[in-house]
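Trainee: Below: one structure in structure tokens.
The values are calculated or read from the model by the stated rules, or taken from the named source; none is laboratory data. Just so you know, these numbers come straight off a predicted model, no measurement behind them. We place every Cβ from the backbone using ideal geometry, glycine too, and count neighbours over all the protein chains shown.
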Amino acid sequence: MITGSVASMHYGEPRFTMDVDLVVHLDESEIATLATTFPEPDFYVPPPEVLAEELRRPAHGHFNVIHSPTGLKADFYPSRQHAYWTWAWEHRRPAEIEGQPAFFSPPEYVILSKLEFYREGGSEKHLRDIRGMLAVSGPEIDRALLDQATQELGLGSAWQAALAP
């Protein structure tokens with residue numbers, strides 16, 4: 001499912017981004033599928049042993065697939081250890097991109113992820129993305145869930161920063 005800045009633009013306001021972030025439900029037995037789905041020489045896919053290592057990480061697993069002719073990059077996040085990962089997967093939202101089916105992370109999960117990235121790195125772009133989502137999709141966003149989740153995840157001060165004008 002699509003998440004990150006592309007999802008925040010889907011629910012909010014446009015901005016420039018260099019990649020697409022994807023939450024994936026991927027098992028080690030499916031590693032070979034990546035190489036056939038994204039074949040060389042058009043794509044760079046990390047070696048199978050690197051993919052296996054990333055899939056085994058209990059949290060923060062991550063790898064990139066790069067389209068060689070354009071340099072466009074997709075960041076894949078396979079970790080299922082996030083407290084709201086299962087909820088997000090169950091509540092992903094279907095969409096269509098250029099006639100192709102796709103799924104987007106629910107906006108609440110995008111917001112929680114952006115709050116975590118803000119806490120880790122302090123980049124204001126995450127707060128701007130959240131504010132844009134609240135401005136455009138505010139009525140659709142479950143504020144009660146976010147209030148509870150931000151407290152559970154220790155993101156209360158970041159959430160308050162996002163809500164500040």
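Trainee: So, of the residues in the stretch 97-112 that are in a loop (DSSP other than H, G, I, E, B) and modelled with pLDDT of 95 or more, which turns out to be farthest from Ala162 (Cα to Cα)?
Mentor: Gly99
Trainee: Another question, then. Could you list, in sequence order, all residues of the stretch 70-101 that are closer than 17 Å to Ser137 by Cβ and surrounded by 16 or more Cβ atoms within 10 Å (Cβ to Cβ)?
Mentor: Ala88, His91, Arg92, Arg93 - these are the residues of the stretch 70-101 that are closer than 17 Å to Ser137 by Cβ and surrounded by 16 or more Cβ atoms within 10 Å (Cβ to Cβ).
Trainee: Look at His67 and say whether it is surrounded by 12 or more Cβ atoms within 10 Å (Cβ to Cβ), under 22 Å from Gly12 (Cα atoms), modelled with pLDDT of 95 or more and not aromatic (Phe, Trp, Tyr).
Mentor: no
Trainee: I would also like to ask the following. Are any residues in the stretch 18-36 farther than 18 Å from Glu90 by Cα, β-branched (Val, Ile, Thr) and either part of a loop (DSSP other than H, G, I, E, B) or more than 14 Å from the chain's Cα centre (by Cα) (or both), and if so, which ones?
Mentor: Hits for the stretch 18-36 are Ile31, Thr33, Thr36.
Trainee: Look at the stretch 150-160 and say how many of its residues are out of contact with any helix residue (DSSP H, G or I) (no Cβ under 6 Å at 6 or more places or on another chain) and in a helix (DSSP H, G or I). Spell out how you get there, then give the answer.
Mentor: Residues of the stretch 150-160 that are out of contact with any helix residue (DSSP H, G or I) (no Cβ under 6 Å at 6 or more places or on another chain), as a first pass: 151-154, 157, 160.
Okay, now just the ones that are also in a helix (DSSP H, G or I), so 151-152, 157, 160.
Qualifying residue count, the stretch 150-160: 4.
Trainee: Which of the residues spanning the stretch 113-149 are modelled with pLDDT under 95, part of a helix (DSSP H, G or I), touching a helix residue (DSSP H, G or I) at 6+ places or on another chain (Cβ under 9 Å) and of a type in the set (Gly, Ala, Ser)?
Mentor: Ser113
Trainee: I would also like to ask the following. Go through the stretch 125-150 and give me each residue that's among the polar types (S, T, N, Q) and over 19 Å from Thr86 (Cα atoms).
Mentor: Passing the criteria: only Ser137.
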